[in-house]
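Structure, as structure tokens:
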Amino acid sequence: MKLDYFHTVLLNCVNQLDGERTVSAIYHLLKGKKSSQTIQDGKLFNLTHLFGLIPKLSRKQIDAAWELLNQEELIDILPDNLCFITPKGKEVLLKKLEEKPIPSSLDGWQYGDVSRVFWKRLSLLVQVVSNLTYGRKGYLPITKNQEDLQWIKGFLRQSNVQREVLTEKLYKELETVLKLHSSKEATIVVQRLTSCKKIGLTYEQIAYKHDEDPFYVYLVFWNIIHSIIKLQQSRENSFKILNTIIKDKANQAALTTSTKVTRSFVLQGKNIKEIATMRKLKESTIEDHIVELTLHDPHYYPSYFLQENDYSKIMKAIEELQTHQLKKVKEYLGHKYSYFQIRLAFALNGRRK
């Protein structure tokens, strides 16, 4: 069986984790599981760009991929599911990435969720504007999602411009952002769009037209969408329509909803046991929230749980051991610090990079 680009991405993840996490950690990362551990792993191992890029990834799909990589002797999976890349695997990975590097503008952690909303709205807007321009009314919208349909109605009411002007402005903004990419990359995005004259193609159909790997086409597509969002946020006045599409979603905080609630109690000076009691959650869950808070809130320092000098001692041990395994660090320091404190040190270090 031929290796495809999905296998290349998996090999890259295994190489980055360097035997310090299980294959399940990679699955959760690519799916976008918003647990503190998965979020922290993304930061620690420089894999945040791949976070949540394949939300519909199934266990069956990834297990089949692991089996093939194992059969080809590109990885070794130990009984405890820790995974290592073999010398042969490193050679194959290097060759594959030289041929086709992972697209550089991907940022699944920053733009994963918002990019999917952006694309649904943008593609619906293009379809609606196209049909309005040609005076067509009897067509089926590309989505049945009521939130998206309500958004497009509100957008059209508030735009206060003639259809022709709206069409021209949208076209110019899309033309400007797509010209920043290669002709092939821009074509992939255009081929995904539905208008009054054509139905958007699937990744497989586009891959066939370009004699390309479908998963690589998928990554190229989202790479461009992420880059568009980043560009229009930095140049809001230049891309008023694109900015309007996503402005209600783009500034949402990175923290998960439950962590935000815990944050409010932490800032009130409550300890872990008190918060766990009030929220009717396990103390370990509250610890997860505090680790997440430490990782993503640059204004928060967990001094109540970890003093600066203790942080320095833990980081010195981590640097000497060259590991991300909590158990190794804990044993090296004579069990003086809890797993929670060591995780906080890792989180602080990840934030400061």
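General remarks:
- The chain - Debye-derived log10 I(q)/I(0), Cα point model, q = 0.06, 0.08, 0.14 Å⁻¹: -0.28, -0.50, -1.21
- For the pair Y171 and K230, a Förster radius of 25 Å applied to the C-beta separation gives a FRET efficiency near 0.75, rounded to the nearest 0.05.
- Dipole of the chain [Lys/Arg +1, Asp/Glu -1 at C-beta], most positive-end residue of L231, I314, L78: L231
- Taking a point 7 Å from the Cα of K247 along the Cα-to-Cβ direction, the residues of the stretch 123-159 with backbone N closer than 14 Å to it are 155-156, 158-159.
- Unsatisfied cross-links (Cα-Cα over 26 Å) in the set K33/K247; K260/K280; K34/K169: K34/K169
- Rg/Rh for the stretch 91-174, where both radii come from Cα atoms and Rh is the Kirkwood radius: 1.16
- With contacts taken as Cα pairs under 8 Å at a separation of at least 6 residues, the stretch 1-133 carries a relative contact order of 29 percent.
- Enclosing the Cα atoms of the stretch 219-353 in their convex hull gives a volume equal to 163 cubic angstrom per residue.
- Counting only DSSP H runs of at least 4 residues, each contributing -39500 (n - 2.57), and dividing by the residue count of the chain, the helix-based mean residue ellipticity at 222 nm comes to -20000 deg cm²/dmol.
- Probing with 1.4 Å while keeping every protein chain in the model, the per residue accessible area of the stretch 228-353 equals 56 Å².
- Directionally averaged shadow of the stretch 121-252, computed from the convex hull of its alpha-carbon atoms, nm²: 8.5 nm²
- Ordering Q162, Y111, V189 by Cα displacement along the dipole of the stretch 67-205 toward the positive end leaves Q162 in first place; charges were set at the Cβ atoms of Lys, Arg (+1) and Asp, Glu (-1).
- Using distinct alpha-carbon pairs, which all enter the 1/r mean, Kirkwood radius of the stretch 1-146 in Å: 17.2 Å
- Counting charges near E147 (Lys, Arg +1; Asp, Glu -1) among other residues having Cβ under 15 Å from its Cβ returns a value of +3.
- Computed over the stretch 200-246, the Cα gyration tensor eigenvalues convert (square root of 5λ each) into semi-axes of 28, 10, 7 Å, ordered from largest to smallest.
- At a probe radius of 1.4 angstrom, the accessible area of the stretch 7-155 per residue rounds to 48 square angstrom.
- Placing a pseudo-label 7 Å from each Cα along the Cα-to-Cβ vector at H335 and I102 gives an inter-label distance of 3.7 nm.
- The stretch 90-142: trypsin sites (Lys or Arg not before Pro) in DSSP coil with no more than 10 other Cβ atoms inside 10 Å: K137
- Candidates Q233, Q146, Q37: whichever shows maximal mean-square fluctuation once the chain is modelled as a Gaussian network with Cα springs under 10 Å: Q146
- Ignoring lysines fewer than eight residues from K2 along the same chain, the ones with Cα atoms less than 21 angstrom from its Cα are K60, K88, K90, K95, K96, K100, K209.
The values are calculated or read from the model by the stated rules, or taken from the named source; none is laboratory data. Keep in mind it's a predicted model, so treat the numbers as computed, not measured. Note: ideal-geometry Cβ built from the backbone for every residue, glycine included; neighbour counts use all protein chains shown. Quick note on the areas: whole protein, heavy atoms, side chains included, nothing else; ligands and nucleic acids left out. Shrake-Rupley method; radii C 1.70, N 1.55, O 1.52, S 1.80 Å.
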